[in-house]
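Notes to accompany the following structure.
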Amino acid sequence: MVQMFYLSRIEHTFRVPPSLLNLPIEEAIKGELEKLFLDKVIADLGLCVSVYDIKSIEGGFIFPSDGAATYTVVFRLIMFRPFVGEIIAAKVKESNATGLRLSIGFFDDIYIPAHLFPKPSSFKPDPNKKDKGTWEWEYDEEPYIIDGIDEIKFRVHNVSYPPIPIEQPKEAKPFAPMVITVSSSPESHNLIGICCNFLDLIPVSLKAYLGTLKA
């Protein structure tokens, strides 16, 4: 089973606008659920990648002076939430002296801080790009350049959900509601190297996970 994806059962009460009431009710509600949750982070649950199914729909009340119908819905979401210790693969998105920022295509807030790199590793500044450069890992007296061309495998060190800042400086990076801190796994040298094409990995992983689910 692909452990980085989970089903989360949620109950939520919300309004369905009058413009959608001509649709089949489940279709209208699923569309509203996708607007509310798809690509959103729910603290302690993870990133919503899909509305899996709707278990029950109750209500449909239209309150005075309000043309929308209010429903209470129980549904399940597919959430991306890797567990601590899990090994997954990604590509380098950013590289600087503090470490690496990684991307798995649909999620970019994955970081390997410098102190979690395998030893010995060193940072090579790029003279043409301010605060940028590449990391190099030496294994068995062979240098491995971590440059974003090949994928790297990493071990999840921590998953956190930072509180929303009241104020954020203009020069600050966009707020990330979920941050995954990882370390390069020390078990074997091919944890930094060529893996399968990640554009293929994600849908295959998700399909493998969906195949394990039961309604």
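Please name all residue pairs, on different chains or six or more residues apart, with Cβ atoms under 8 Å, provided the first residue is in region 11-29 and is touching a residue at least 40 places away in the same chain (Cβ under 8 Å) and the second residue is open to solvent by less than 60 Å² (accessible area, probe 1.4 Å) and part of a loop (DSSP other than H, G, I, E, B). Short answer, once both residue conditions are applied: Arg15/Asp66; Arg15/Ala68; Val16/Ala68; Pro17/Gly67; Pro17/Ala68; Pro18/Gly67; Pro18/Ala68.
Just for region 89-104: of the residues that are more than 13 Å from the chain's Cα centre (by Cα) and among the hydrophobic types (A, V, I, L, M, F, W, C), which one is nearest to Asn128 (Cα to Cα)? By that ranking, first place goes to Ala97. Checking Gly67 against (1) open to solvent by 30 Å² or more (accessible area, probe 1.4 Å); (2) part of a strand (DSSP E or B); (3) of a type in the set (Gly, Ala, Ser), only one condition comes out false. Which one? Every listed condition holds for Gly67 apart from (2).
Considering only residues that are in contact with a helix residue (DSSP H, G or I) (Cβ under 9 Å, 6 or more places away or on another chain) and among the aromatic types (Phe, Trp, Tyr), look in region 112-136 and name the one that is farthest from Ile152 (Cα to Cα). Please lay out each step first, then the result.
Going through region 112-136, the residues in contact with a helix residue (DSSP H, G or I) (Cβ under 9 Å, 6 or more places away or on another chain) turn out to be 118, 121, 123, 135.
With the extra rule that they be among the aromatic types (Phe, Trp, Tyr), the set shrinks to 123, 135.
Working: Phe123: 17, Trp135: 12 Å.
Going through the qualifying residues, I end up with Phe123.
Would you call Asp39 closer than 30 Å to Lys132 by Cβ, among the acidic types (Asp, Glu) and open to solvent by 20 Å² or more (accessible area, probe 1.4 Å)?
Values: closer than 30 Å to Lys132 by Cβ: yes; among the acidic types (Asp, Glu): yes; open to solvent by 20 Å² or more (accessible area, probe 1.4 Å): yes.
Taking the combined requirement at face value, the residue satisfies it.
If you go through region 85-103 and keep only what is modelled with pLDDT under 90 and in a loop (DSSP other than H, G, I, E, B), you end up with Gly85, Glu86. Out of all the residues in region 7-24, is one or more touching a helix residue (DSSP H, G or I) at 6+ places or on another chain (Cβ under 9 Å) and of a type in the set (D, E, K, R)? Scanning region 7-24 turns up at least one residue that is touching a helix residue (DSSP H, G or I) at 6+ places or on another chain (Cβ under 9 Å) and of a type in the set (D, E, K, R). Would you check if there is a residue in region 2-11 being of a type in the set (Gly, Ala, Ser), assigned to a strand (DSSP E or B), in contact with a strand residue (DSSP E or B) (Cβ under 8 Å, 6 or more places away or on another chain) and on the phi > 0 side of the Ramachandran plot? Within region 2-11, not a single residue is of a type in the set (Gly, Ala, Ser), assigned to a strand (DSSP E or B), in contact with a strand residue (DSSP E or B) (Cβ under 8 Å, 6 or more places away or on another chain) and on the phi > 0 side of the Ramachandran plot.
For the condition out of contact with any helix residue (DSSP H, G or I) (no Cβ under 7 Å at 6 or more places or on another chain), farther than 24 Å from Ile104 by Cβ and at pLDDT below 90, Asp66 qualifies.
How many residues, within region 34-65, are over 13 Å from the mean Cα position of the chain (by Cα) and under 30 Å from Ala176 (Cβ atoms)?
The total comes to 8.
Within region 109-132, the set of residues being without any contact (Cβ under 8 Å) to a residue 60 or more places away in the chain and surrounded by 15 or more Cβ atoms within 10 Å (Cβ to Cβ) comprises Ser121, Phe123.
Being buried (at least 16 other Cβ atoms within 10 Å of the Cβ), within 18 Å of Ser160 (Cα to Cα) and touching a helix residue (DSSP H, G or I) at 6+ places or on another chain (Cβ under 9 Å) is a description that does not apply to Ile87.
Among residues of region 152-163 that are farther than 11 Å from Ala89 by Cβ and polar (S, T, N, Q), those with a beta-carbon under 8 Å from a residue that is modelled with pLDDT of 85 or more and part of a loop (DSSP other than H, G, I, E, B) at least six positions away or on a different chain give the pairs Asn158/Val84; Ser160/Met178. Per the conditions (1) open to solvent by 20 Å² or more (accessible area, probe 1.4 Å); (2) at positive phi, the sole criterion not satisfied by Lys173 is (2).
The values are calculated or read from the model by the stated rules, or taken from the named source; none is laboratory data. Bear in mind the structure is a predicted one, so any value in this text is a computation, not a measurement. Backbone-built Cβ (ideal geometry, glycine too); neighbour counts: all protein chains shown. Just the protein is used for accessible areas: all its heavy atoms, side chains included, with ligands, DNA and RNA removed. Shrake-Rupley method; radii C 1.70, N 1.55, O 1.52, S 1.80 Å.
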